[in-house]
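Notes follow once the structure below has been shown.
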Amino acid sequence: MAGEDCSSGAEMDALVRRLRLHRPAPSPYDPEPAAAAVPATAGDGELFRPRRAAVLVCLFRGDGGELRVILTKRSSSLSTHSGEVSLPGGKVEEGDADDAATALRESKEEIGLDPALVTVVASLEHFLSKHLLVVVPVVGILLDRQAFKPALNIAEVDEIFDVPLEMFLKDENRTSEEREKMGHAFTVHYFTYEKGIQKYLIWGLTAGILIHAASVVYQRPPDFTERRAHFKLPKLTKDCSSMLAGPAKH
């Protein structure tokens, strides 16, 4: 048993070192320096500056040695995405030093995860939500799972659970549908996970982030076609309404 623990610890150390070397692709959602430096005229309207959020992809070793990721089921009383599965996280607030600080603060507020237990190792490629929110996935390693004692903020979270990260690279328990928005075709993925009598549906933005995270961690593409959407942000605030309209749910 001691030898297994030592081997697992060495593997996690190697994973931490490798992920710290990861450099995400440049964000397509950062404002262009030239546009940000020049104020829009009164006739043009205000330049659109997207809100930013960060989510925590918190990984730990399961009892079988597999990497698992912590997920939440959002409160059924929330006004947006109520009852849906998500990663812990939220919008950037004044005083957050960086994306990792946002993800850790929100995780502590939502599920009681002490930031001192999490080793932040990487930021991943940025995603855009249907509300034109730029979402930054932050990967953290929870080395001591037993030290984490969940304390749910019931106003925001109904449940906390974990799933194997590698499931998001497999075609098992997955369905998908093709959608189109603003002339861009993309795939929405749905993963089902059962634990006892509980059945969870992980889809949309959360599924997309986890597919990407698993690809980075396991250094291989998924067993299915991913087909992500890459939308351009509006230049002016007045143009947001037309971009937000449409059938896409995430």
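Annotation: lysines with alpha-carbon distance below 17 angstrom to LYS181 (same-chain offsets under eight excluded): LYS130, LYS232, LYS249.
Taking Cβ atoms as reference points and 11 Å as the exclusive limit, the residues near ASP96 contribute a net charge of -2, counting Lys and Arg as +1 and Asp and Glu as -1.
Just check region 136-223 against the gyration tensor rule for me: Cα atoms, a ≥ b ≥ c as the square roots of the eigenvalues, rounded for a/c under 1.5, and otherwise prolate or oblate depending on whether a/b exceeds b/c. Each step should come with its number before you reach the end.
Details: a/c = 1.74, a/b = 1.50, b/c = 1.16.
Verdict is prolate for region 136-223.
Each Cα pair under 8 Å and six or more residues apart adds its sequence gap; the mean of these over the residue count of region 49-109 is a relative contact order of 36 percent. Legend: calculated FRET efficiency, GLU178 to ARG220, from the Cβ-Cβ distance at R0 = 25 Å, rounded to 0.05, equals 0.60.
According to the Kirkwood relation over distinct C-alpha pairs, the hydrodynamic radius of region 49-218 is 16.4 Å.
Only the coordinates and a few stated rules stand behind these numbers; no lab work does. In this text, all values refer to a predicted model and were calculated from it rather than measured experimentally. Positions of Cβ are backbone-derived with ideal geometry, glycine not excepted, and every protein chain shown enters the neighbour counts.
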